[in-house]
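Structure record follows, encoded as structure tokens.
Quick note: the coordinates plus some simple rules give every number you see, no bench work behind them. In this text the structure is predicted, and so the values were computed from the model without any measurement. So basically every Cβ, Gly included, is an ideal-geometry build from the backbone, and we count neighbours across all protein chains shown.
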Amino acid sequence: MATKAGSAEVPQTAGPNGEEEGFRRRDYLKVAAVSFAGVGGVAALAPLLVQMAPSADVLAMATTEVDISKIQPGQGIKAQWRKQPVFIRNLTPKEIQEANAVPLSSLRDPQTLAERTKPGKTNWLITLGVCTHLGCVPLGISEGENRGPYGGYFCPCHGSMYDTAARIRQGPAPKNLMVPDYQFTTPTTVTIGAKG
Amino acid sequence: MRFILGFIGAVFAGVLLISLIGNLSTYFSNPPAPLASDVFHKEPKELHLTSDGPFGKFDKRQLQRGFQVYSEVCSACHSLKLVSFRDLKGLGYNDAEIKKIASDWKVQAPSINPDTGEPATRKPLPSDTIPPPFANEVAARAANNNALPPDLSLITKAREGGPAYVYSLLTGFTNQAGYRNEKGVELLKNFPEAKTPPNLHFNPYFANLNIAMPPPLTTNGQVTYADGTPATVDQMAKDVAAFLAWTAQPDLENRHAAGLSITLFLLIATILGYLAYRQIWHEAKRAVRVTGALDPQNQAKSRKAKAKQNVAG
Amino acid sequence: MSFSWARPYEPKSKFMQWLDERLPLPRLVYGAVGGGYPVPRNLNFFWNFGVLAGIFLTIQIVTGIVLAMHFTASTDEAFTSVNQLIMRDVNAGWLLRYAHMNGASFFFIVTYIHIFRGLYYGSYKAPRELVWMLGLVIYLLMMATAFMGYVLPWGQMSYWGAQVITGFFSAFPIVGEPLRIWLLGGYAPDQAALTRFFSLHYLLPFVIAGVVILHIWALHIPGSGNPTGVDVKDERDTLPFHPFYTAKDGWFAGAFLLFYCVVTFFAPNYLGHPDNYIPANPLATPAHIVPEWYFWPFYAILRSFTVDFILPAKLWGVLAMFGSILLLFFLPWLDKSPVRSGSYRPMFKRFFWLLVIDVLILGYIGGAPINWWRTALGQAAAAYYFLHFLVILPIVSAFEAPDPLPSSISESVLHGEAAEAAPMGQKSKRTGSVATAAE
């Protein structure tokens, strides 16, 4: 502080001790004023940062209803939820058996088929269609697409391979395809995004 | 150069003088006749809403009544395109009520037939905006004698007088025959050209005096309020005006609250700043600063140097 | 700096020394706004408005950049993106929109006070002519930026304002109409105009910031002026900018921001026009097209020319409107008085106040509906405006007898500001007492 011009107004007659005390008293007010302004400046950042968070209209698109009445066993459809693809597949008994036969210890991301479906509806596999590696849309949901060697999904970008329960078996993806929150609002409609 | 600029100035002033003379001579030789709307247009009546003033808040029950008036009366012709059903949370409705309001809405939202791809409609969702009564301007005009009922989402910000204007307009329809203004001037006698054409309706609160909208609120009890308030025409007009004040400014309560805290904060910050400023400037103007050995900064330096010497030595 | 007693920069920490040796930015800041910039000690509050203008420029840039994250520059979606998305759905969107909207008005309020300070105290005179002219360039850029920004929400006033202002260019013979079509990218304001205005509206504030740096740089060569107009002679006339003027600017900024926040939070639409909450309709003109309030004096001058005289009235209006700003570039040469400050120029002072009243009248006329007596008043006021700068000032500056100047700034300060000089609006007092340090 001694080098600042603030010392200019020190009365010439004040001795060294008087000067020291005068310094401290003076400083409190200046520090208070500057800190108050600083707090204000930081607080002014709040709206600038918060405006980037998802706006109300984006948050409102939190649920999508899908009619699953037309999906036959062995078939699947691609729906949309929060502007992302969702794979809804009606598993055949053979596919369910294959999924249950896999030992959990061999899985990179251990989960049973039962953990990934609703009780009593293990044939309905509903997952995000977003590869957990870097975000491509895997193949295998539509007729004729390559399902990879495990009979589930196959991601063409870097070769991640998912099984009939959409669990990662081979390739760089770290996790199984994500299962979003969903609810069966009727036996033939699913609301994706609804907590159940 | 100054002469050129001076000349330019004189030229502009001269042409202005010519314009002024022209203007005044035109006025005095042919004074323009006043228009009927100049003489008979009325300023809005006073309307006191709970949302008025810097500390105003909405009365949610009034907003709900106003929304009821809008949905049962006004929505037949007027859209509310900027309001989403989910926004009605601000009126105090919960999620289930909003879902019902949306799916029961008498106009459906556009969609696509999932099998054929042809245009279809579906029940509105809470995330939808309120579907307009007419698909486009052409349809709206076709149904309303070529008049376009304006969207009401921002109407109280889009008209001078705001909610008071809406209230005055809704309650201001009156018979034109024998109508006199406050000064006793009779309209039709002095301005026969202002006679209401067949498809319009006389309303002195409207800028052109004759409005295409027929009086929408005609009888008491036109709407049966859910909270039991008697639905007089005056009450319905006030409530829908309050509702439209909300649709235009849903941020009002947050804005007032933020404004209050920020104003208080800045007041304290300014006072602190002012006191710090006075302290810093206390001797500034009078103290004659000196240089060299007497400069306080140099004095402080030499004191420090001495102190160091004492410690070292 | 040009002052020999300006304190040189001394790095206070090892890090600052390291930085300063490699990029002399700390030194630059210290010499510009720190303890190393000597400023006359007698500045009054009219000297605060330059910094305030810089603050509002910053507010506009920051709020503008975040608004641009949500705005859609499409004629179909612009109005909805502003009035539905930003005002209702974006978190704190209403705050940012109102802050930006009112920030523009306050930027102009502050700039007008800053300009009138310059006019009264002779800040445009040698050696600060370039500071003045750079300031006018900033003002022109501000007007362009504000005009284009107002078009973006695509309301009724946005559209018709764009129509009217681009219509000015068609007043010029031969090149006028092609120029107008080139500016718009079409025959009327439409998608092409909206997207290019968005692009330029984003760009120009940064150009303004660059010119502001030149403006301050040019000022710091001779140093700041002061209310007496007397040059700085020695160390006793000045104080270091920090902490004296940082403190003064700081608290006054707090007070002015308080005023700004009261308007933004409690009357955000007071300075605006309701018609801009109606979506643009190219087929229906609003009853009274008016620009925003900060353009009203120029709008009044434009509309004052109602009679054809050699040139069509419309062309006279456009020439006069542009001329009213361009003539300000010549002010240092129109007003040749060797005395800078209006405080010591009694005749000049009277005409200055007439100018202020004149501009206020022009402002009123520009915003009010047209009738015969308002048009007449506007014509008289516009005539006075041109006569004031182009005829009256040169004559007054040549013939007036100024009051005696103080011999130095510190003399005027020591004997009391009130005794020596009359700050704007106050009469000169000869009390001779040591005044309470009147700031």
Q. Taking GluC sites (Glu not before Pro) that fall in a DSSP loop and have at most 10 other Cβ atoms within 10 Å as cut points, what is the longest piece of chain B between them?
A. B:47-181
Q) Taking the Cβ-Cβ separation of C:Ile65 and A:Val58 as r and a Förster radius of 22 Å, what is the calculated FRET efficiency to the nearest 0.05? A) 0.65
**Q.** Over 27 Å between alpha carbons, listed pairs A:Lys83/B:Lys157; B:Lys57/B:Lys157; A:Lys70/B:Lys81; B:Lys60/B:Lys106; A:Lys121/B:Lys106
**A.** A:Lys83/B:Lys157; A:Lys70/B:Lys81; A:Lys121/B:Lys106
Q | Inter-chain shielding of C:266-278 (mean C-beta neighbours from other protein chains, 10 Å cut-off) | A | 4
(Q) Could you check the spin-label model distance between C:Arg22 and B:Ile271? Points 7 Å from the Cα along Cα→Cβ, value in nm. (A) 4.6 nm
Q: Within chain A, what's the longest run with no trypsin sites (Lys or Arg not before Pro) in a DSSP loop and at most 13 other beta-carbon atoms within 10 Å? Give the range, please.
A: A:1-69
Q: Report P(r) for region C:130-213: all Cα-Cα distances, bin width 5 Å, range 0 to the bin holding the largest distance, values in whole percent.
A: 3, 15, 22, 21, 17, 13, 7, 2
Q | 0 to 90° range, to nearest 10: angle between helix A:16-50 axis and chain A longest Cα axis | A | 30 degrees
Q. Where in chain C are the helices, taken as whole DSSP H runs, whose Cα atoms extend 27 angstrom or more along the long axis and whose Kyte-Doolittle mean reaches at least 1.6?
A. C:49-68, C:129-151
Q. Peptide A:34-41: average number of partner chain Cβ atoms within 10 Å per residue?
A. 5
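Once you have the alpha carbon radius of gyration of chain C, what is it after dividing by 2.2 N^0.38 Å, with N set to its residue count?
1.07
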**Q.** Separation of alpha-carbon centers, region C:266-329 and region B:86-162, rounded to whole Å
**A.** 37 Å
**Q.** Listed peptides B:126-132, B:146-152 by packing density, highest first (mean Cβ within 10 Å)
**A.** B:126-132, B:146-152
(Q) I'd like the mean, over residues of B:258-268, of how many other protein chain beta carbons sit within 10 Å of each residue's own Cβ. (A) 6
Q: Please identify every one of the trypsin sites (Lys or Arg not before Pro) in region B:101-158 that sits in a loop by DSSP and has no more than 14 other beta carbons within 10 Å of its own beta carbon.
A: B:Lys106
(Q) What are the extents of the Cα atoms of the protein assembly as shown along their three principal axes, in Å, largest first? (A) 104, 104, 61
Q. Restricting attention to region C:246-337, which trypsin sites (Lys or Arg not before Pro) occupy a DSSP loop and are surrounded by at most 16 other Cβ atoms within 10 Å?
A. C:Lys336
Q. How big is the gap, in Å, between the Cα center of region A:107-179 and the Cα center of region B:193-222?
A. 66 Å
Q. Roughly what would the spin-label model give for A:Thr188 and C:His220, points 7 Å off Cα along C-beta, in nm?
A. 7.6 nm
(Q) Looking at chain C, identify the longest residue range that excludes and avoids all chymotrypsin sites (Phe, Trp or Tyr not before Pro) in DSSP loops having at most 11 other Cβ atoms within 10 Å. (A) C:1-186
Q.
If I take R0 = 22 Å and measure r between the Cβ atoms of B:Glu46 and C:Ala368 in this structure, what FRET efficiency does the formula 1/(1 + (r/R0)^6) give, to the nearest 0.05?
A. 0.35
Q: Once you have the Cα-Cα distance between A:Ile77 and A:Lys175, take 0.36 nm times their residue separation minus that, and quote the gain in nm to one decimal.
A: 33.1 nm
(Q) I need the shape label for chain B. Rule: rounded when a/c is under 1.5, else prolate if a/b > b/c, else oblate, with a, b, c from the alpha carbon gyration tensor. (A) oblate
**Q.** Nitroxide proxy distance, nm - points 7 Å out along Cα→Cβ at B:Ala143 and B:Ala212
**A.** 1.4 nm
Q. Between the DSSP loop rule and a limit of at most 10 other Cβ atoms within 10 Å, which GluC sites (Glu not before Pro) in region A:112-196 are left?
A. A:Glu143
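Could you tell me the relative contact order of chain A? Use alpha-carbon pairs under 8 Å, at least six residues apart, and round to a whole percent. The partial results should precede the final answer.
Working: 300 pairs, mean separation 34.2, N = 196.
Normalised by residue count, the contact order of chain A is 17 percent.
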Q) Based solely on its DSSP helices, what 222 nm [θ] is calculated for chain A when runs of n ≥ 4 H residues each add -39,500 (n - 2.57) and the sum is averaged over all residues, nearest 500 deg cm²/dmol? A) -8000 deg cm²/dmol
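Equivalent-ellipsoid semi-axes (√(5λ), Cα gyration tensor) for region A:58-192, whole Å, largest first?
With the √(5λ) rule applied to region A:58-192, the semi-axes are 22, 17, 14 Å.
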